[in-house]
């Protein structure tokens, strides 16, 4: 077999081994994560999310390192001297240093995101103007999946502020508007009663961490008195709980005869002949 053919076979074999090592590293990391999730019953959900996040970063790092070593070994097997290549790469690295600043910033920011536990896989966060569930974290970027299915890839150095909606616990904050002639104390009692009913519902018992907290009258609107309240839930359950709570509040308020007003305008109707102005209220849904 000619020397060039033997070198080509060697290079192909090295690349195949490198690919196998990448797959094995991912398999080993996934196995450790599964062991932690399924064989450690005392492990909290927060700790499991942390393990999945570190696993994602570890897989990305392992892929990069194995690929780098594989390419260098393959070049040497092909008859190329690695020393001069590395020296040239060092000189080129200095020349390209300014252009690589963004990449370095991404890595540094990614390191601190993971180290400070700003968010983990599965958390719902808002970063760089985008909101979604964290699907992937590595040292260069963070991948989000928004509710409409869009996949957002955000460079880590662009994440100056991160808002985590599912860290440790969540809250559903809402404002309920009632008419000015409504019994406010009765309305506040109904909010608490509906929340307590949901806590006793088996479908929501494990999702609600406490009674609904009624903060009180928050604002005098154009056509309503606004009552602010919130319910604390387990991470990520605030939207499901909130939708059901609003539906039940509507039914309860209707049954109690407490109106949830819609915007309306008061018009002055001028009668003909006697010069008397008669006020009349015309309700127009959607108007202000």
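Quick look at the values:
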| quantity | calculated |
| --- | --- |
| Subset of the stretch 9-18 that is without any contact (Cβ under 8 Å) to a residue 60 or more places away in the chain and surrounded by 13 or more Cβ atoms within 10 Å (Cβ to Cβ) - its residue that is nearest to the chain's Cα centre (by Cα) | 18 |
| Residues located in the stretch 141-157, provided they are surrounded by 15 or more Cβ atoms within 10 Å (Cβ to Cβ) and either without any contact (Cβ under 8 Å) to a residue 40 or more places away in the chain or within 10 Å of the chain's Cα centre (by Cα) (or both) | 141, 142, 143, 144, 145, 152, 154 |
| Count - residues of the stretch 169-211 that are part of a helix (DSSP H, G or I) and either within 21 Å of residue 254 (Cβ to Cβ) or in contact (Cβ under 8 Å) with a residue 40 or more places away in the chain (or both) | 15 |
| Number of positions in the stretch 224-257 that are under 17 Å from residue 183 (Cβ atoms) and either in contact with a strand residue (DSSP E or B) (Cβ under 6 Å, 6 or more places away or on another chain) or in contact (Cβ under 8 Å) with a residue 40 or more places away in the chain (or both) | 9 |
| Flag if residue 279 is at pLDDT below 95 and either assigned to a loop (DSSP other than H, G, I, E, B) or surrounded by 11 or more Cβ atoms within 10 Å (Cβ to Cβ) (or both) | no |
| Criterion violated by residue 226 - all others in (1) under 23 Å from residue 169 (Cβ atoms); (2) over 24 Å from the mean Cα position of the chain (by Cα); (3) in a strand (DSSP E or B) satisfied | (1) |
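Here's the yes/no breakdown for (1) over 13 Å from residue 190 (Cβ atoms); (2) touching a helix residue (DSSP H, G or I) at 6+ places or on another chain (Cβ under 6 Å); (3) surrounded by 13 or more Cβ atoms within 10 Å (Cβ to Cβ):
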{"site": "203", "(1), (2), (3)": "yes, no, no"}
{"site": "210", "(1), (2), (3)": "yes, no, no"}
{"site": "215", "(1), (2), (3)": "yes, no, no"}
{"site": "218", "(1), (2), (3)": "yes, no, yes"}
{"site": "225", "(1), (2), (3)": "yes, no, yes"}
{"site": "230", "(1), (2), (3)": "yes, no, yes"}
{"site": "233", "(1), (2), (3)": "yes, yes, yes"}
{"site": "249", "(1), (2), (3)": "no, yes, yes"}
{"site": "254", "(1), (2), (3)": "no, no, no"}
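The values are calculated or read from the model by the stated rules, or taken from the named source; none is laboratory data. A quick note: this is a predicted structure, and the numbers were derived from the prediction, not measured. Counting neighbours? That spans all protein chains shown, and the Cβs are built from the backbone with ideal geometry, glycine included.
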